[in-house]
1. Which is closer than 30 Å to Thr165 by Cβ and in contact with a helix residue (DSSP H, G or I) (Cβ under 7 Å, 6 or more places away or on another chain), of Ile204, Ile282?
2. Just checking, which of Thr147, Thr193 is polar (S, T, N, Q), touching a Lys or Arg at 6+ places or on another chain (Cβ under 6 Å), over 30 Å from Gln83 (Cβ atoms) and in contact (Cβ under 8 Å) with a residue 12 or more places away in the chain?
3. Return yes or no: is Thr267 touching a helix residue (DSSP H, G or I) at 6+ places or on another chain (Cβ under 8 Å) and loosely packed, with under 13 Cβ neighbours inside 10 Å?
4. Are there any strands (runs of 3 or more DSSP E) wholly within segment 222-304 with 3 or more residues that are farther than 26 Å from Leu133 by Cα, and if so which?
5. With the condition kept exactly as written, say whether any residue in segment 240-248 is modelled with pLDDT of 90 or more, loosely packed, with under 14 Cβ neighbours inside 10 Å and either out of contact with any strand residue (DSSP E or B) (no Cβ under 6 Å at 6 or more places or on another chain) or outside the structural domain of Ala182 (by TED's automatic domain parsing) (or both).
6. Return only the number of the condition from (1) under 33 Å from the mean Cα position of the chain (by Cα); (2) among the basic types (Lys, Arg); (3) closer than 11 Å to Val38 by Cβ that Lys76 does not satisfy.
7. So in segment 195-220, with the set limited to residues that are assigned to a strand (DSSP E or B) and either among the aromatic types (Phe, Trp, Tyr) or at pLDDT below 95 (or both), which one is farthest from Leu271 (Cα to Cα)?
8. Could you please let me know if Val123 is under 26 Å from His294 (Cβ atoms) and among the aliphatic types (A, V, I, L, M)?
Amino acid sequence: MKKTVVLILLILPIFLLITISFAGRIFATYNYIYVERVAFVDNLENELDKNTIITINKGQKKALKTKVYPELATNKDVVYLSQDSNICAVDDKGEITGIDYGTTTVIVKTIDSNKTASLLINVSDSDVSGITLTATQLNLAVGEIQTLYAVITPMTAVNKNVVWTSSNRTIVDVDANGRLNALSSGTATITATTVDGGYTATCIVNVSAEQKPPIEFTLKPEGDSEICFVNTKTINLRLIISCDSEVVNIDLVKFMIKSGKNNASITGDLLTINKSNKIISIFAYVGDSNRPTHQAELNIVLQN
């Protein structure tokens, strides 16, 4: 009798394990748990925001992580796709590789229920490889303002900061944004140097005292001041602008407030000043305001 009881006690755990396993298979067979959604996650399995952009360098590899919901889903298998494999490739394990510069989307799709999630991938290059300027030579008149623009390569370079210098600031001055101010007759060389890599590009600027500026404001500051004081709240800007008719059609000149927008407004050609004792910078230009062919500036203050 004792032998029988001992034998039953030894066999019972094994029987229970077999029974539970068999029951689990039956449950899984008749209670299939479908996939409801899938998401890209970080290393802590926090879901990535839909606006997240993953940036990698050309040639760099990075493993993406995903999570399938619910966690007890029966089939969690997924496949990965790249909308442009010429920019970014992705393998069956979710590892991406930067192929060429640009932006594309990687998609993960579940085998069960075809649920998807997408992630923007930007393939960049952290190093600057060169710089050019929008002009290599300019002819300006004394008092004329012009802007040079630097073009950094590759376009995907991370640090595009440039330092501007003039070989003779008494002839042509240049600010941190490449804005030139022709001060006296002569020739100066403007140099743009990349912060990353120290690449340079130059522009020779010839300044003539005889040539009339293509655009200039006829309303001038007094003495050495750079500010024009007025006592009227409304000014027709077209009446205080002068153009070299051989270079610029005055009808093509447009106006905008460069700084002090909270203190004034422009409707057509009419400047309306709302607050006194505030500096308002008026910008007259031809062409695109971001890259004008000709331009002039005037600082105005309404006196009490």
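The values are calculated or read from the model by the stated rules, or taken from the named source; none is laboratory data. Owing to the predicted nature of the structure, the values given are computational and were not obtained by experimental measurement. Please note: Cβ atoms are built from the backbone with ideal geometry, for glycine as well, and neighbour counts cover all protein chains shown.
1. Details: Ile204 fails: in contact with a helix residue (DSSP H, G or I) (Cβ under 7 Å, 6 or more places away or on another chain).
That would be Ile282, the only listed residue that is closer than 30 Å to Thr165 by Cβ and in contact with a helix residue (DSSP H, G or I) (Cβ under 7 Å, 6 or more places away or on another chain).
2. Numbers: Thr193 fails: touching a Lys or Arg at 6+ places or on another chain (Cβ under 6 Å).
It is Thr147.
3. Values: touching a helix residue (DSSP H, G or I) at 6+ places or on another chain (Cβ under 8 Å): no; loosely packed, with under 13 Cβ neighbours inside 10 Å: yes.
Here the answer is no, as Thr267 does not meet what is asked.
4. Working: elements: 228-230, 234-236, 241-243, 254-259, 264-267, 270-273, 279-287, 292-302.
So the answer is 228-230, 234-236, 241-243, 264-267, 270-273, 279-287, 292-302.
5. Checking segment 240-248: not a single residue is modelled with pLDDT of 90 or more, loosely packed, with under 14 Cβ neighbours inside 10 Å and either out of contact with any strand residue (DSSP E or B) (no Cβ under 6 Å at 6 or more places or on another chain) or outside the structural domain of Ala182 (by TED's automatic domain parsing) (or both).
6. (1)
7. Initially, segment 195-220 is screened for residues assigned to a strand (DSSP E or B), giving 200-208, 215-217.
Checking the rest, the ones that are also either among the aromatic types (Phe, Trp, Tyr) or at pLDDT below 95 (or both) come to 206-208, 215-217.
On the way: Asn206: 34, Val207: 31, Ser208: 32, Ile215: 18, Glu216: 17, Phe217: 14 Å.
Per the stated criteria, the residue is Asn206.
8. On the way: under 26 Å from His294 (Cβ atoms): no; among the aliphatic types (A, V, I, L, M): yes.
In short, no.
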